[in-house]
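Undergrad: Sharing a structure with you now.
We did not get these values from a lab; they are worked out from the coordinates using the rules stated. What you see is a predicted model, and the numbers here were worked out from it, not measured in a lab. Positions of Cβ are generated from backbone atoms using ideal geometry, with glycine treated the same way; all protein chains shown enter the neighbour counts.
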Amino acid sequence: NTAALVTGLINAVGLVMVGNFQVDHAKSLHYIGAGVAFPAGMVFVCLQCLLTYRAATSLLHQWLGHTRVALTTVALISLVLSGIFFINESPVYQHAAAVCEWIYTVDILVFYGSFSFEFGSVSGDTVLAVLAPG
């Protein structure tokens, strides 16, 4: 759980860099952010898949784990293809790399949306109980 938290934080730092430094104005910082965010995001979703299976108490949770593994597989394939296409100079390959990056990004966002199943039962009372001293 701690490793997932750390990789999630590293991913967030990379995403902040990608979002704040546009490729047209600060190419190196944008690429550094992407180089941090994409692999860290991949490790994060892999760890979350493991945690999903470990915490599964019902068939629904197991299916959620299967869904997350499928999303993680699509993310991995699109990330690898993006890297392959990115190293080519051709504008066609550069465009294909950008499309793969967007597929990766949307896929990861759908993965994050799957957390709504776990957090759906969390209420204000739950948060207060967790934060209560002793």
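Undergrad: Of all residues being among the charged types (D, E, K, R) and surrounded by 10 or more Cβ atoms within 10 Å (Cβ to Cβ) in region 84-115, which is farthest from the chain's Cα centre (by Cα)? Just the residue, please.
TA: Glu101
Undergrad: Looking at region 52-83 only, could you name the residues that are among the β-branched types (Val, Ile, Thr), free of Cβ contacts under 8 Å to residues at least 12 places away in the same chain and more than 16 Å from Ala37 (Cβ to Cβ)?
TA: If the condition is that a residue be among the β-branched types (Val, Ile, Thr), free of Cβ contacts under 8 Å to residues at least 12 places away in the same chain and more than 16 Å from Ala37 (Cβ to Cβ), then Thr57, Thr73, Ile77 are the ones that fit.
Undergrad: When you go through Val69, Val127, Val122, Val45 one by one, which is the residue that is of a type outside the set (Lys, Arg), out of contact with any Gly (no Cβ under 9 Å at 6 or more places or on another chain) and within 23 Å of Val13 (Cα to Cα)?
TA: Going through Val69, Val127, Val122, Val45 in turn, just one is of a type outside the set (Lys, Arg), out of contact with any Gly (no Cβ under 9 Å at 6 or more places or on another chain) and within 23 Å of Val13 (Cα to Cα): Val45.
Undergrad: So which residues in region 24-58 are outside any helix (DSSP H, G or I) and surrounded by 14 or more Cβ atoms within 10 Å (Cβ to Cβ)?
TA: Ala26, Ala56
Undergrad: Mind telling me which of the residues Thr7, Thr73, Thr2 ends up being closer than 23 Å to Ser114 by Cβ, buried (at least 16 other Cβ atoms within 10 Å of the Cβ) and of a type in the set (Val, Ile, Thr)?
TA: Thr7
Undergrad: Shifting gears a bit: So, in region 116-131, of the ones that are surrounded by 10 or more Cβ atoms within 10 Å (Cβ to Cβ) and without any contact (Cβ under 8 Å) to a residue 12 or more places away in the chain, which residue ends up nearest to Leu59 (Cα to Cα)?
TA: Only one residue tops the list, namely Glu118.
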